[in-house]
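First up is the structure itself, then whatever we jot down about it.
The values are calculated or read from the model by the stated rules, or taken from the named source; none is laboratory data. Note that this is a predicted model, so its numbers are computed, not measured. As a convention, Cβ positions derive from the backbone with ideal geometry for all residues, glycine included, and neighbour counts pool all protein chains shown.
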Amino acid sequence: MRVLIAPDKFAGTLSAVEAARAIAAGWARRAPADELDLAPMADGGPGFVAVLHDALGGALHAVTVRGPHGAVVPATLLLVERGPARTAYVESAQACGLHLVGEGDPEAASSFGVGELVLAAWEAGATEVVVGLGGSGTSDGGAGLLAALGATADRPLDAGLSGLAGITRVDVGPARERVRGLRLTAASDVDIPLTGLFGAIKTFGAQKGLAEERMPALDGVLEELAVAADRALSLEKGAGAAGGLGFALGLLGAHREPGIALVTGVTRLAERARRADLVLTGEGAFDFSSRSGKVPYGVAAIAAEALRPCVALAGQVLVGSREMRVLGIESAYAMVDVVGEERSFADPAGSLSDLAERVARTWSH
């Protein structure tokens, strides 16, 4: 039997590469004759660079950038050469991820380091920079990124969301000039606008630590930024991705591509699914939000096109069978149901392997 293993990360415990290896190890114990094809996935958030390096090879460059509260943080860019083209892949979460915000004021968190990542890629000789968006701890509309590239305004662009209050003028021209000739792509897993009921603050503000009572005012600050820069662009799908980094990249002429579509394309997942008999995917918590551009939904859609069943392995399964079918998943299995919650967190790789071994009893034949 040919099995394609295409999981996302298990947030906080396993990278996508580690998860794929753990699933393969468990499956092989039960069905050693099966042919296993490992294809770790990402949607633009944490793990984006590692997954693409696993798929494409290329050169990893270690850099340091400014974190969301000013401290220097390490980051990595991936440079892949194809003839005269040199594509750099960077991950915004490495510069302004939720894990870097810590106990600091979320209203003051800046995306400045993401702009530094773009500059580092440019200086490394890239002709295209693909910015993975997801897992950010910032909500500054990408103002910090613009500041790092030379944009100016009548309010500080690098002081986080609260620093933008009262902004009326933004000059993006210097930033556009700085990256002239560089093709920019925003790889995003969400398609929300910058502001409003379904915007960056309302949708993800609580996750980033913004106080509920402050959200209307903070959404108003982003609205001021939008009016000062490009109101029409702020309404486009993906402008609100990563706290508005999608908006800032759009101001620089970037085109948007769903992160999961980019990764499945680069890894030739559709072709590999057609060669498989079964497709496995997974993530830490499999719930109905997985439909919003997340890895399991993207992988399941490709499996469906190839007329192959798709099964999910997860830390937790938070949907019923009906919702599962809507997501294109035949069955979903949870680590906590097999080994318990305590062991799932204490030994995630071993627990996932044990789960995969049990799933193989049902699906390998």
key: the range 160-181: number of residues that are surrounded by 18 or more Cβ atoms within 10 Å (Cβ to Cβ) and either touching a Cys at 6+ places or on another chain (Cβ under 7 Å) or part of a loop (DSSP other than H, G, I, E, B) (or both)   = 5
ask   = Looking at (1) small (Gly, Ala, Ser); (2) assigned to a strand (DSSP E or B); (3) surrounded by fewer than 18 Cβ atoms within 10 Å (Cβ to Cβ); (4) touching a helix residue (DSSP H, G or I) at 6+ places or on another chain (Cβ under 9 Å), which is the only condition ALA62 fails?
value = (4)
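Residues are listed down the side, and each one gets a yes or a no for (1) within 17 Å of THR267 (Cα to Cα); (2) under 18 Å from the mean Cα position of the chain (by Cα):
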site	(1), (2)
ALA55	yes, yes
GLY58	yes, no
HIS61	no, no
PRO84	no, no
CYS96	no, yes
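Return the residues of the range 193-216 that are at negative phi, over 21 Å from the mean Cα position of the chain (by Cα) and touching a residue at least 12 places away in the same chain (Cβ under 8 Å); say none if nothing qualifies. Break it down stepwise before answering.
Step one: of the range 193-216, the residues at negative phi are 193-195, 197-208, 210-216.
Narrowing the set further to residues that are over 21 Å from the mean Cα position of the chain (by Cα) leaves 197, 211-216.
ARG214, MET215, listed by residue number.
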query = (1) under 20 Å from LEU133 (Cβ atoms); (2) of a type in the set (Lys, Arg); (3) not in a loop (DSSP other than H, G, I, E, B): which one isn't true of LYS237, the others all being true?
reply = (3)
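Give ALA19, ALA33, ALA25 a once-over and let me know the one that is farther than 25 Å from ARG82 by Cα, at pLDDT 95 or above, outside any helix (DSSP H, G or I) and of a type outside the set (S, T, N, Q).
The unique qualifying residue is ALA33.
What helices (runs of 4 or more DSSP H) completely inside the range 243-362 contain at least 3 residues that are closer than 30 Å to GLY173 by Cβ? Outline the logic, then answer.
Values: elements: 245-251, 259-266, 269-275, 295-305, 321-326, 335-339, 341-346.
Those helices (runs of 4 or more DSSP H) span 245-251.
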request  = Look at the range 36-53 and say how many of its residues are touching a residue at least 60 places away in the same chain (Cβ under 8 Å), closer than 17 Å to HIS99 by Cβ and either more than 17 Å from the chain's Cα centre (by Cα) or assigned to a helix (DSSP H, G or I) (or both).
outcome  = 2
inquiry  = Restricting to the range 329-365, count the residues that are of a type in the set (A, V, I, L, M) and closer than 21 Å to VAL17 by Cβ.
reply    = 8
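Tally up the residues in the range 340-357 that are touching a Leu at 6+ places or on another chain (Cβ under 9 Å) and surrounded by fewer than 19 Cβ atoms within 10 Å (Cβ to Cβ), please. Walk me through how you get there before you give the answer.
Taking the range 340-357 and keeping what is touching a Leu at 6+ places or on another chain (Cβ under 9 Å), we get 344, 348-349, 352, 355-356.
In the following step, the residues that additionally are surrounded by fewer than 19 Cβ atoms within 10 Å (Cβ to Cβ) were identified as 349.
Residues meeting the conditions: 1.
State all residues of the range 324-337 that are surrounded by fewer than 17 Cβ atoms within 10 Å (Cβ to Cβ) and either in contact with a Gly (Cβ under 6 Å, 6 or more places away or on another chain) or not hydroxyl-bearing (Ser, Thr, Tyr) (or both); if no residue qualifies, say none.
Taking the range 324-337 as the starting set, the residues that turn out to be surrounded by fewer than 17 Cβ atoms within 10 Å (Cβ to Cβ) are 325-326, 331, 337.
Across the range 324-337, the qualifying residues are ARG325, VAL326, ASP337.
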